[in-house]
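Here the structure is laid out as structure tokens; the discussion comes afterwards.
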Amino acid sequence: MANGNSATLTRRYNRTVVLDALRRHGSLSRIELARLSGLTPQGIRNIIEDLIDTGLVRETGRRRGQRGQPQIDIEISPGAGYCLGLHVAAGACHAIATDLAGNVLARPEARAFGGDHGQQLDALGAIAREVASAADGLSRLGTGVVVSRPLASRWSATGGSAEAQADFAKPFEALFASTPLVFENDANAAAMAEYTHGRAKGRGDFLYLFLGEGVGGAIVQGGVPVHGGRGNAGEFGHMLIDPKGPKCHCGNRGCLHGSLALDGLRRLLPAGAALAPETVPQSWLDGAASALSRALVSLENIFDPQAIVLGGTAPAWLLHRLVEKMGDPGPSVRSDMAEARVEVSGLGQSCALIGAAALPLLALTSPDPATLMKEPLVEQAAD
């Protein structure tokens, strides 16, 4: 049985500490890595040599314009491998593959995802082959799978029983379990996209409000999504805004979902009209902005986040109009801050898919003290 003194586990943990620092800061010298990580200079030298040998990091040259021996910068090598992201929504599986810098290597056409396991395996296999061809020999370092449903267990895959979720996971495990395989919901995945590539980069504690056909959210603390006791933390759509409001599908009245969700907005549009700036009723916009303002004040007072990001599958123009209409929310613990109290995501409607590809990167580079007490697994390709 492994224990906290296991050299293998400690080495793996220390590597993730170094990779996490490089992911957060872009490039650092060995001296800076030692200072940030608390590891000894000799330990950093050993880890960097190992990571260079495996191709995960690279030297980018000496700095200029400094006194003494110029330091050599180290950074994560974008071409060390690729991360695969999969988003299952509305009976289709969307896919994206990115390098470790977030550059898109492949984005196959969405494929129908239904039927029995054999049909699902066929769809996933076609995606895997297309991505592998586009990746041109790069190794897959991990796969993130995202679904547009609340969570109910450690699978983070679908609502319902643990057995149903395990059944959902089987085709993904059959094809992708040779490297880290991470399941998550769409709001948490979108928040991780913001953390790695978007408005929340460099901010470890923030809230993400996901606006789409429904309303969801994510609570990120220390760069990690908070899942809660049943995996459902961040269900901001069911905050009670108006106890005399319309009945929500959850059983309560006046939930934020009823004021903001796109499925309710679409029912107000003229027959056959598409969702567009000129078709949104002013009454809906007024009510939605007011509800959003009240929700934000409550969230700020409860969580005191570094930032609140508004994103999701709603079009960017609608998100911006809501924030503009909302104006300055009422007083809260954050109301004296200079920066904007809510920021609109710049990642667009594919935020959850982008986040799906970010999940394995975060699994690779995020230090988890619990790993110091785990039995060592067979070294993976990235090791």
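Is it the case, given these coordinates, that Ile76 is touching a helix residue (DSSP H, G or I) at 6+ places or on another chain (Cβ under 6 Å) and either touching a residue at least 24 places away in the same chain (Cβ under 8 Å) or open to solvent by 40 Å² or more (accessible area, probe 1.4 Å) (or both)? Yes.
This table checks each residue for (1) in contact with an Asp or Glu (Cβ under 7 Å, 6 or more places away or on another chain); (2) buried (at least 17 other Cβ atoms within 10 Å of the Cβ); (3) at pLDDT 95 or above.
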site	(1), (2), (3)
Leu207	no, yes, yes
Gln221	yes, no, no
Gly234	no, yes, no
Gly237	no, yes, no
Ile241	no, yes, no
Gly251	no, no, no
Gly272	no, no, no
Ala291	no, yes, yes
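On the basis of being open to solvent by less than 20 Å² (accessible area, probe 1.4 Å), within 23 Å of Ala132 (Cα to Cα) and in contact with a strand residue (DSSP E or B) (Cβ under 6 Å, 6 or more places away or on another chain), does Ile96 make the cut? Answer is yes for this residue.
All conditions but one from (1) at pLDDT below 90; (2) of a type in the set (Asp, Glu); (3) surrounded by fewer than 17 Cβ atoms within 10 Å (Cβ to Cβ) apply to Asp20; the one that does not is (3). Here is the figure for segment 293-342: residues that are under 20 Å from the mean Cα position of the chain (by Cα) and open to solvent by 40 Å² or more (accessible area, probe 1.4 Å) total 4.
The residue that is nearest to Gly81 (Cα to Cα), among those in segment 37-55 that are open to solvent by less than 80 Å² (accessible area, probe 1.4 Å) and hydroxyl-bearing (Ser, Thr, Tyr), is Thr54. Scanning segment 169-186 for residues that are closer than 18 Å to His117 by Cα and either in contact with a His (Cβ under 6 Å, 6 or more places away or on another chain) or assigned to a helix (DSSP H, G or I) (or both) yields Ala169, Lys170, Pro171, Phe172, Glu173, Ala174, Leu175, Phe176. Taking helices (runs of 4 or more DSSP H) as the structural unit, those lying wholly within segment 242-355 and holding at least 3 residues that are of a type in the set (A, V, I, L, M) correspond to 282-303, 316-326.
The values are calculated or read from the model by the stated rules, or taken from the named source; none is laboratory data. A quick note: this is a predicted structure, and the numbers were derived from the prediction, not measured. As a convention, Cβ positions derive from the backbone with ideal geometry for all residues, glycine included, and neighbour counts pool all protein chains shown. Side chains are part of the model used for accessible areas, which takes the heavy atoms of the whole protein and leaves out ligands, DNA and RNA. Shrake-Rupley method; radii C 1.70, N 1.55, O 1.52, S 1.80 Å.
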